[in-house]
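Bear in mind these aren't lab numbers, they're just calculated from the coordinates by the rules spelled out. All values reported here derive from a predicted model rather than from experimental measurement. Note that each Cβ is placed from the backbone with ideal geometry, even for glycine, and that neighbours are counted across all protein chains shown.
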């Protein structure tokens, strides 16, 4: 463990131990209720499979584990691709979904969102040796450039409307089933840009051994929330737990742990 990792972990433990007793007692008690949470495991450092241990870990796992502890429910995790996740949660196959999901009005027609637990900004992720463009305007003018994206995601619509010409049928977007597959295609030269929020992008850059970089400025801010079936009675308890975790500094400690302290592959 390097010094930064140790300091971040120490900060997390210190915040957890110092949490006011009233914050726990004020939260609902779900009395050991079984709750199934589905995720993609392809969005570091929010959630991903650790290459060393093979275990699924990340910011969202730590946050959800703490929410389950404070609300007293029993967690089971499941895995699903992004394109199936919203529909599966909407149909009640899972109780909660998490994979850095942007809170959007069109998605609220299918699922309920928790309150935001994180705000992020979209950036362009490219190969480290990229010199043909350095921002969205230059990429738009580079008419041979291809963007990797997942259908229906915030990054897809950001690519269409903030980077390209507003045509959702554009041949300049190549679709993939997972975010990890997009990044692999970027590394091999099958696409030239992947759009990502700054937090996940930093995770991929740090893990790339110098193969990737972020270019240009932010392309817009987005709020992340957990998704639940419409009318779920878990929304209010989860929101109460999110508020408590924000108020006592736990979320800040997790951000230090995963975005400053953790290095993939170490």
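Points worth noting:
- Were the residues from residue 132 through residue 233 laid out at 0.36 nm apart, the gain over their Cα-Cα distance would be 31.3 nm.
- Against the set (i) 21.6, 93; (ii) 20.1, 70; (iii) 18.9, 58, the structure's computed Rg and Dmax of the Cα atoms in Å falls on (iii).
- Spatial separation of Cα centroids for the stretch 88-106 and the stretch 185-210, in angstrom: 25 Å
- Computed FRET value (nearest 0.05) for residue 79 with residue 29, which takes r as the C-beta separation and R₀ as 35 Å: 0.75
- Shape class for the stretch 120-221: rounded, because the ratio a/c of the largest to smallest gyration tensor axis (alpha-carbon atoms, square roots of eigenvalues) is under 1.5.
- If you look at the Cα atoms of the stretch 169-266, you get an Rg and a Dmax of 17.2, 47 Å.
- Helix content alone sets the calculated 222 nm mean residue ellipticity of the chain: runs of n ≥ 4 DSSP H residues at -39500 (n - 2.57) each, divided across all residues, give -10000 deg cm²/dmol.
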